[in-house]
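Worksheet: the structure to be examined is printed underneath.
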Amino acid sequence: MSSFQIKHFRSLLVLFFFFGFVVFRSIAADWPAISQEAKAMTSVPQQPDAPAVILYREETTDDTKNFLTVYFRIKVLTEAGIKYGDVEIPVGHHPFTISQVSGRTVHADGRIIPLEDQPVDKVVVRDHGVRMHVKAFTLSSVQVGSILDCRYSLHFPEGSRNAPEWLVQSELFEKRVVFKFVPTKYQPKIDTLRPDAQSFEVIGNTMGGEPVSEYSWVNHLPAGKQPEEHVTPEALYKWVELEMNDVPAFPDEPFMPPSGSVRWRVNFFYRNQARAEDYWKRAGKSWDKELESFLNRKRGISEAVNQFVASGDTPEIKVRKIYAAVSQLENQSFASDTNQASTPTPSVGVEDVMQRRSGTHDELNRLFVAMLRAAGIPATMMWVPDRGRATFDLGFMSTDQLDAEIAIVQLGGQDVFLDPGTKFCPYGVLNWHYAGTRGLRERGNGSAELADSPASTYQQAMIQRVARLQLTEKGSMEGTLAVGFSGLEAMVRRQQGVNMSAEGRKKLLEDEVRGWLPAGTSVALTNSPEWDKTEATLVAKFKVAGPLATNSGQRLVVPIRVFQATAKPRFPAVQRTNSIYFDYASRQLDEVHIIFPGNAEVEKLPPAEQAKTSYAMYATEQKREGANGLVCTRDLALNSVLFPTDEYNELKDFYDKVAAGDGQ
């Protein structure tokens with residue numbers, strides 16, 4: 001339940017060091033009284049058609065006692081709101097145990113059903129395809145009109161520091177939210193970043209081997225809203241609090257940036273530097289030291305490389321061979337079963353990864369770099385955020401926002417960014433989650449600097465579709481369809497199908513194709529796609545049959561954009577609140593051959609269409625083929641992924657032209 005998740009912990013592949021043991025105890029709780037207003041509520045004027053409403057939400061993080069408590073109350077308004085009885089707690093690299101889990105479902109007639117479920121490990125897929133390990137449980141007997149109460153606590157290791165992320169806004173309207181953060185024990189000092197406010201210095205604590213001097217935060221609240229600091233002089237304790245009423249749901253628009261980047265939020269962190277640039281310089285140095293220590297535990301790596309790399313191989317051939325070898329190892333980070341999260345096995349060096357033939361995403365990429373170096377190929381690493389989760393924030397002085405390590409290989413004087421640690425990621429293509437984002441890059445001299453990974457291009461994500469259709473006198477069609485998914489398009493679908501049965505994979509592809517074609521079309525997969533390959537195009541072939549043309553007296557009106565038969569306008573809204581965000585650049589190439597009945601003649605062909613901007617291109621052409629045939633081609637390419645709101649009108653105009661051309 002993404003609306004009520006606690007802080008999105010960094011999903012690094014060192015996750016297995018900290019996968020916390022869960023303690024479950026369903027206890028009788030003293031719940032706040034339910035008001036008559038809440039009981040009578042059936043809708044929310046501030047969010048028409050809302051499936052549910054958050055009546056109250058409270059989060060308290062106390063670093064002096066190393067715990068976080070969460071409480072929320074929700075009113076279910078429609079059938080779609082029943083899903084909010086599913087509670088999911090993200091698991092990241094911070095260790096914790098869960099305790100004092102309690103909950104209840106209060107029906108409209110006053111009946112109370114206590115929580116009986118226990119937390120289980122799961123892997124869930126969030127917006128933008130982000131895979132996340134969670135602890136999940138479900139409140140009982142949820143129905144329309146129910147009021148849901150839930151409370152739980154997370155306990156962190158003694159002495160740890162767990163600065164929170166307050167996700168103030170959610171997908172639901174919130175009547176009231178309350179947040180509280182009690183940092184570790186402080187002494188007063190002058191805040192160099194905020195001279196108009198008092199700051200407090202941490203007593204006797206370190207972070208990453210460096211003294212922690214104070215806490216701070218990055219405020220992403222609307223103007224005039226900010227956390228309030230409080231102090232108890234006698235005890236030398238300080239805490240931060242935020243209370244807000246009538247918090248609107250964040251706007252739900254197509255092709256939005258990750259919700260973690262656009263919702264109202266406050267990011268807390270403990271800092272050891274006053275200037276962000278100094279912090280990242282020191283953080284990069286610490287990361288580089290740990291990374292190189294891991295890479296230098298390399299017993300047996302050279303011998304392993306010599307088994308499949310020949311001395312006469314060119315540098316690129318060596319890189320490709322090593323890439324293929326690492327890609328074949330067990331990938332612990334890519335949990336194949338979304339219903340069961342696995343606990344990765346920790347490694348202390350690349351030699352462990354090699355010996356076990358298994359590793360997490362980052363461990364596999366570290367092994368790749370170590371093997372390249374053993375083969376005489378210069379290689380370094382970069383530590384980046386997951387662009388599907390959030391964007392890099394320079395002022396948020398915490399490496400918690402960095403998620404994964406990727407490899408940088410020097411070939412022919414050029415940097416080549418590679419990622420064999422992502423399952424099914426082809427050579428030469430960077431997983432879009434880590435492309436076009438800022439992070440820490442090794443400099444090769446014991447330090448690291450902020451740099452950008454390259455953005456993806458449309459050549460790295462292509463869908464090619466070729467249909468050969470026979471039209472009957474009644475307007476129905478039957479024929480064949482071949483689809484080729486390459487680059488990122490193949491990677492995404494192979495990842496989706498990795499844990500499915502053959503029948504499940506078949507259904508996955510058939511459902512997607514059925515969604516392209518006119519309603520009522522039957523679709524049957526006729527070949528066996530190469531699901532387990534990494535480099536090859538994922539080719540799927542189908543037999544299709546169904547309605548196509550409409551009868552208009554003595555004429556048949558035939559839509560020539562067969563694959564866009566059910567497409568809706570991409571950007572129907574006149575105005576836009578959020579920036580526009582695509583996961584990756586892409587290209588579609590369509591070729592449709594239609595053979596008409598023997599007694600039919602093509603009376604009129606629509607003209608070719610073209611539209612072009614600096615970042616996108618659209619072109620169509622249709623011409624006669626043979627005695628009674630027609631061939632139609634369509635090419636749509638997008639080579640950029642992020643557009644600010646002031647570019648919305650231009651982008652909308654382009655896609656409106658695409659929709660007009662596809663409607664012929």
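The long axis of helix 361-374 is offset from the longest Cα principal axis of the chain by roughly 80 degrees.
Relative to the current alpha-carbon distance between S35 and Q459, full extension at 0.36 nm per residue lengthens the span by 146.9 nm.
For segment 516-648, the per residue solvent-accessible surface stands at 54 Å², with DNA, RNA and ligands left out and a 1.4 Å probe.
The spacing between segment 365-422 and segment 233-290, judged by their C-alpha centroids, is 23 Å. From the P(r) of segment 539-664, can you give the percent of Cα pairs sitting at distances over 23 Å? Result: 42 percent of Cα pairs exceed 23 Å. Amide H contacts for L221 (H built 1.01 Å from N in the peptide plane; partners 5 or more residues away or on another chain; cut-off under 5 Å): R265. Annotation: for a label point projected 7 angstrom from Cα along Cα→Cβ of S160, residues of segment 258-288 with backbone N closer than 19 Å are 268-271.
Amide H to amide H distances under 5 Å link F67 with D62, F156, where only residues 5 or more positions off or on other chains count and H is placed in the peptide plane. First select every other residue whose beta carbon is under 15 angstrom from the beta carbon of L605; then total the charges, Lys and Arg +1, Asp and Glu -1. Every neighbour counted, the sum reads +1. Computed over segment 287-409, the quotient of the alpha carbon radius of gyration and 2.2 N^0.38 Å is 1.13. Hydrodynamic radius of segment 498-579 by the Kirkwood approach over all distinct alpha-carbon pairs: 15.8 Å.
Averaging 1/r over each pair of different alpha-carbon atoms in segment 221-329 and inverting the result gives 20.7 Å, the Kirkwood hydrodynamic radius. Helix 648-662: angle to the longest alpha-carbon principal axis of the chain, degrees 0 to 90, nearest 10? That helix lies at roughly 30 degrees to the long axis. The phi-based Karplus calculation (6.51 cos²θ - 1.76 cosθ + 1.60; θ = phi - 60°) puts the 3J(HN,Hα) values of segment 80-86 at 5, x, 4, 4, 6, x, 8 Hz, whole numbers, x for Gly and Pro. The label-point distance for E243 and D532, in a model that sets each label 7 Å from Cα toward Cβ, rounds to 6.1 nm.
When nucleic acids and ligands are ignored and a 1.4 Å probe is applied, T577 ends up with an accessible area of around 90 Å². Contact order for segment 441-490, expressed relative to its length and based on alpha carbon pairs under 8 Å spaced 6+ residues apart, stands at 34 percent.
With K and R counted +1 and D and E -1, the other residues having a Cβ less than 13 Å from that of L242 yield a net charge of -3.
Rounded to the nearest 0.05, the FRET efficiency derived from the C-beta distance between S552 and L589 at R0 = 35 Å is 0.70.
Neighbours of P32, meaning other residues whose beta-carbon lies under 15 angstrom from its beta-carbon, give a summed charge of +4 when Lys and Arg score +1 and Asp and Glu score -1. Extension gain for T577 to R275 (0.36 nm times residue separation, less C-alpha to C-alpha distance): 105.5 nm. At an R0 of 51 angstrom, the distance between the Cβ atoms of N649 and S99 translates into a FRET efficiency of 0.45. The mean sequence distance of close C-alpha pairs (under 8 Å, at least 6 residues apart), as a share of the length of segment 54-124, puts its relative contact order at 17 percent. Our coupling estimate for segment 34-49, obtained by passing each phi through the Karplus curve with A = 6.51, B = -1.76, C = 1.60 and θ = phi - 60°, is 8, 6, 5, 4, 5, 5, 7, 5, 10, 7, 10, x, 6, 9, x, 6 Hz, Gly and Pro reported as x. Across segment 108-173, the volume of the C-alpha convex hull divided among the residues equals 170 Å³ per residue. Inter-part distance, segment 117-147 to segment 599-647, computed on C-alpha centroids, equals 43 Å.
Hey, what angle do you get for helix 488-497 against the long axis of the chain, alpha-carbon based, 0 to 90 degrees rounded to 10? Approximately 70 degrees, to the nearest ten.
Applying 1/(1 + (r/R0)^6) with R0 = 35 Å to the Cβ-Cβ distance of A108 and L221 gives a FRET efficiency near 0.50.
Annotation: peptides 303-316, 242-255, ranked by per-residue average of other Cβ atoms within 10 Å with the highest first, follow the order 242-255, 303-316. Given in Å, the Rg to one decimal and the Dmax to the nearest whole number for the Cα atoms of the chain are 27.9, 97.
Scaling against 2.2 N^0.38 Å puts the C-alpha radius of gyration of segment 22-168 at 1.09. Compactness ratio for segment 412-496: Cα radius of gyration over 2.2 N^0.38 Å (N = residue count) comes to 1.68. Determine the calculated [θ] at 222 nm for the chain from helices alone, applying -39500 (n - 2.57) to every DSSP H run no shorter than 4 residues and normalising by the residue count; nearest 500 deg cm²/dmol. That comes out to -5000 deg cm²/dmol.
Surface listing: H107, H220 arranged by accessible area from highest to lowest gives H220, H107, probe 1.4 Å. Packing here is the average count of other Cβ atoms within 10 Å per residue, and on that basis the peptides 489-496, 544-551, highest first, run 489-496, 544-551. Under the convention that each Lys and Arg Cβ holds +1 and each Asp and Glu Cβ holds -1, the size of the dipole of the chain around its Cα centre is about 880 debye. If the chain linking A627 and K568 were pulled fully straight, counting 0.36 nm for each residue of separation and taking away their Cα-Cα distance, it would gain 17.9 nm.
Entry comment: accessible area of segment 133-176 is 27 Å² per residue, from protein heavy atoms only and a probe of 1.4 Å. Taking all protein chains together and rolling a 1.4 Å probe, V231 ends up with roughly 60 Å² accessible. Rounded to the nearest Hz, the phi-derived 3J(HN,Hα) couplings of segment 605-616 under the Karplus curve 6.51 cos²θ - 1.76 cosθ + 1.60 (θ = phi - 60°) are 10, x, x, 5, 10, 9, 8, 8, 10, 5, 10, 8, where x marks glycine and proline. Each label was represented as a point 7 Å from its Cα along the Cα-to-Cβ direction; for E228 and I317 these points are 7.2 nm apart.
The values are calculated or read from the model by the stated rules, or taken from the named source; none is laboratory data. Remember, predicted model here, so these are calculated numbers, not experimental data. Ideal geometry is used to build each Cβ from the backbone, glycine not excepted, and the neighbour counts take in all protein chains shown. For the accessible areas, the whole protein counts, side chains as well, though only heavy atoms, and no ligand, DNA or RNA atoms are used. Shrake-Rupley method; radii C 1.70, N 1.55, O 1.52, S 1.80 Å.
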